[in-house]
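First the structure, in the form of structure tokens, and then the observations on it.
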């Protein structure tokens, strides 16, 4: 019997134990308010968008991983200098292997108490650990978390790096809209040294490739009321990897380490959206949309060995559902000014909170506000507030740039796009 | 993605920089002498470890001229070594022993020793009045007896034997040979001792009973340290039986028939002895008209290594019993505040003690055990184990649609601070967002009844926020989120930790009763029973079912049916493993 799961909706919040497949559905396109297709006219033969965001430590990790792991390195020394005899003695073998580059790493004592003493001497104030250099410390941090995912505590190396490249094209005309899109992306974990109490490694990072389409139709059924629906089929390919693999990849400057998990997911999914719009006048309209009613996807997974053996694939036997959502939006336009306000992600969070424990309900992602000003015919300025980010954009001819920042932490993003 | 590839590939890999081993220089005064003591025969020194040292040695003035390797034991950051001096050394009334401590970075085959520190220890001989001579009757001959002093004979001691008629005799060496007894004579003698350089005899004496002659002491008796079997050799030809006898009571512990030709026999420890057998034993070999005996030996039965199972609230020992030793039908065990039971089954007996508390030392006495006609007591001393570890609520058989049944982890750590007397444990949540101490929420940080803001970054505020998010169904909705809270009460009742927290949400005062009870069943399986219930003061609505996420459907009974209406608010968390550091 298939299991039914409602996984995480928003990738910036939770991570789950297993290599959960990536969320493929775009939350911001007009296909999510399909009744508005009745008013839209657009054609983009081909376009691309490069979108990246990261907090400071995530950027630092990419440019200077040794400095990014400084917190972990300091914690390593302090923690071992204060550890008790049994812990040090039982981990001596692992530590001596990790620190084998240091000729001054202490030899084992005659007893566990002696071994522990020598280790505390080494990691304590004035000991040899202080002299091994930051690079050696960073490598030691990576080696130790690989051997013992529970060693470090959370928050020592916060990160949140995401990068994606998307190609797309599409057209909306006479209420009928369609597009195609291909996204290649990287989604990093929010903490490089995260630990589970169970001791398992966390597959908090993934590289994904998504190929999909949006097809929708909207039309006026009265002078003021329009209805619409859209469907979004997707094919997803993904490989997830652990924080340990991520550390090793960057420190080794080897992309191959990211594929060390040796497990790949291939999925198909489809989502349905429906909506109704009421246009008060030429300037003002309201829309009520039901999104992801339903949206589901399922996966097969395989390893490198499976590829070599007639490309054998295993079925996940799980149907992943995206929690349905209801969205109420307002759009006001007068001349050069365009203002949109949307209330959404309230119902989906309530559903999610009632499904899993530990979900952190976030009221700040419910309201979305957008402001667009047509400075010139070919130059548009925009300001948006959504998902705890403020975004400032410039659209000039077919070129667009958007800078964003989170409101609650130092996390910056940039998106660059071009279409023809 | 391409940028990521380019970034990873274009940056230089971070590689290890090998570090050469540095020579460590050991200098004088690189260790601090902690203490030095001298009891006349040995000197014990304690010192702080020398950085980089792997071997230590000492010289002793006028005793050991070249550095002699020592094997100090490290405990609590201090090395302690005992140097055994000549056993023939005479213990003068007082003296001073001095020496030098050396250290080397070499771990074996040391060629270079570096002086670390000098040491000196004074010795003042203990008063002879503080202990009695350890004397025993080694052998009863046809005309006398041989008295052995069982601690190491000292060349600086003298002994005085006082007989029943008051006569005294002084001996300057051991063993003491008594003469002038007939085969049937029995007598008592009192042994006193003194140092040769003093005139006063010690106040404490040892009284020995010399019994009648039982036989020539021609049997040799030994025991194997590993198996603890007792072997008797030199059995005369013609002996038809052999016995092992407890000296104090005369009880025959074990016996066997001999075929007349056996020259040796081994009493197997597990066949001959019970847990109660410890003391002095001797062997007797009998033929039709003669009896020969062996010397006595001190013996502690290996069965004293009984099987012990220590739990947190239970304690059990199982030991075998000799067939000819039956327990009193009413053996008793006394231990405060706990229930104890003794059961016999076949050739074993089991003491089961329940109702204990974890991390507590107990002294118990097992009494009224029968040894022939003598009732004896066995003391037991143990400390119960700890509940520290990881615990998980996980009921895979529950409906997956009921989110209340999701996994729930806690970490229990022992309270090592001295500030909270009765609080043995701290309980932390551990669900991926860091650990929060959820029991007790407050431990001296604020006063009972003092109002605490819901928002805040103190550890106890974070813990309460976690609690609210976890158990309050509408915690995400600002209206139903408490703005303030306070501890109404917290108490520890044996192994049950109980707290009542007051808060106000939507103008409705609520009271949350939370209990963590540490339990261990008869099979020593530990778990935590968790109870959490929200009640409202006044009002006509029961907000508990609305607010309380851990409300389990009554059909999902975890064995709390006896709790009645409160049953749905109980969880049982199972022990998953020890804590790792």
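The values are calculated or read from the model by the stated rules, or taken from the named source; none is laboratory data. Just so it is clear, the structure is predicted and the values come from calculations on it, not from any experiment. Methodologically, a virtual Cβ is constructed for each residue, glycine included, from the backbone with ideal geometry; neighbour enumeration extends over all protein chains shown.
Okay, here's what the table says:
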item: Top-ranked residue of region A:169-189 - restricted to ones that are more than 22 Å from residue A:228 (Cα to Cα) and more than 11 Å from chain B (Cβ to nearest Cβ), ranked as modelled with the lowest pLDDT; result: A:189
item: Unique match (being crowded, with 16+ Cβ neighbours inside 10 Å and either modelled with pLDDT of 85 or more or within 26 Å of residue B:298 (Cβ to Cβ) (or both)) among B:135, B:152, B:126; result: B:135
item: Tally, over region A:225-239, of residues that are within 14 Å of chain B (Cβ to nearest Cβ) and either crowded, with 18+ Cβ neighbours inside 10 Å or farther than 18 Å from residue A:296 by Cα (or both); result: 2
item: Some residue of region B:174-185 being buried (at least 18 other Cβ atoms within 10 Å of the Cβ) and either at pLDDT 90 or above or under 17 Å from residue B:293 (Cα atoms) (or both); result: no
item: Hey, residue B:262 more than 30 Å from residue B:128 (Cα to Cα) and in contact with a helix residue (DSSP H, G or I) (Cβ under 6 Å, 6 or more places away or on another chain) or not; result: no
item: Filter result (at pLDDT 90 or above, over 14 Å from residue A:287 (Cα atoms) and within 21 Å of the chain's Cα centre (by Cα)) within region A:314-347; result: A:324, A:345, A:346
item: Scope region B:451-466; condition within 20 Å of residue B:500 (Cβ to Cβ) and in contact with a helix residue (DSSP H, G or I) (Cβ under 8 Å, 6 or more places away or on another chain); matching residues; result: B:452, B:453, B:454
item: From A:405, A:382, residue being surrounded by fewer than 18 Cβ atoms within 10 Å (Cβ to Cβ), more than 22 Å from the chain's Cα centre (by Cα) and over 30 Å from residue B:408 (Cα atoms); result: A:382
item: Selected residue [surrounded by fewer than 21 Cβ atoms within 10 Å (Cβ to Cβ) and more than 11 Å from chain B (Cβ to nearest Cβ)] from A:222, A:242; result: A:222
item: Residues that are modelled with pLDDT of 90 or more and part of a loop (DSSP other than H, G, I, E, B), drawn from region A:256-281; result: A:280, A:281
item: Members of region B:48-65 found to be within 13 Å of chain A (Cβ to nearest Cβ) and in a strand (DSSP E or B), listed by number; result: B:55, B:56
item: Members of region B:27-40 found to be buried (at least 18 other Cβ atoms within 10 Å of the Cβ) and more than 14 Å from chain A (Cβ to nearest Cβ), listed by number; result: B:36, B:38, B:40
item: Index of the failed condition, residue A:311 passing every other in (1) free of Cβ contacts under 8 Å to residues at least 40 places away in the same chain; (2) within 14 Å of another protein chain (Cβ to nearest Cβ); (3) over 27 Å from residue A:158 (Cβ atoms); result: (2)
item: Matching residues, region A:350-364, being touching a helix residue (DSSP H, G or I) at 6+ places or on another chain (Cβ under 8 Å) and at pLDDT 85 or above; result: A:362, A:363
item: Exclusive hit being over 17 Å from residue A:162 (Cα atoms), in contact (Cβ under 8 Å) with a residue 12 or more places away in the chain and within 14 Å of chain B (Cβ to nearest Cβ), set A:273, A:200; result: A:200
item: Filter result (assigned to a loop (DSSP other than H, G, I, E, B) and within 8 Å of chain B (Cβ to nearest Cβ)) within region A:114-163; result: A:132, A:133, A:150, A:153, A:154, A:155
item: Residues (surrounded by 14 or more Cβ atoms within 10 Å (Cβ to Cβ) and facing chain A (nearest Cβ under 7 Å)) located in region B:14-26; result: B:14, B:16, B:19
item: Filter result (more than 17 Å from residue A:348 (Cβ to Cβ) and in a strand (DSSP E or B)) within region A:288-310; result: A:298, A:299, A:300, A:301, A:302
item: Index of the failed condition, residue A:60 passing every other in (1) in contact (Cβ under 8 Å) with a residue 40 or more places away in the chain; (2) under 30 Å from residue A:164 (Cβ atoms); result: (1)
item: Among (1) modelled with pLDDT of 65 or more; (2) on the phi < 0 side of the Ramachandran plot; (3) within 14 Å of another protein chain (Cβ to nearest Cβ), the one test that residue B:510 misses; result: (3)
item: Residue in region B:167-185 that is in contact (Cβ under 8 Å) with a residue 40 or more places away in the chain, assigned to a strand (DSSP E or B) and under 19 Å from residue B:128 (Cα atoms) present; result: no
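Here is a yes/no grid of residues against (1) within 29 Å of residue B:358 (Cα to Cα); (2) at pLDDT below 75; (3) buried (at least 21 other Cβ atoms within 10 Å of the Cβ):
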| residue | (1), (2), (3) |
| --- | --- |
| B:451 | no, no, no |
| B:455 | no, no, no |
| B:465 | no, no, no |
| B:492 | yes, no, no |
| B:504 | no, yes, no |
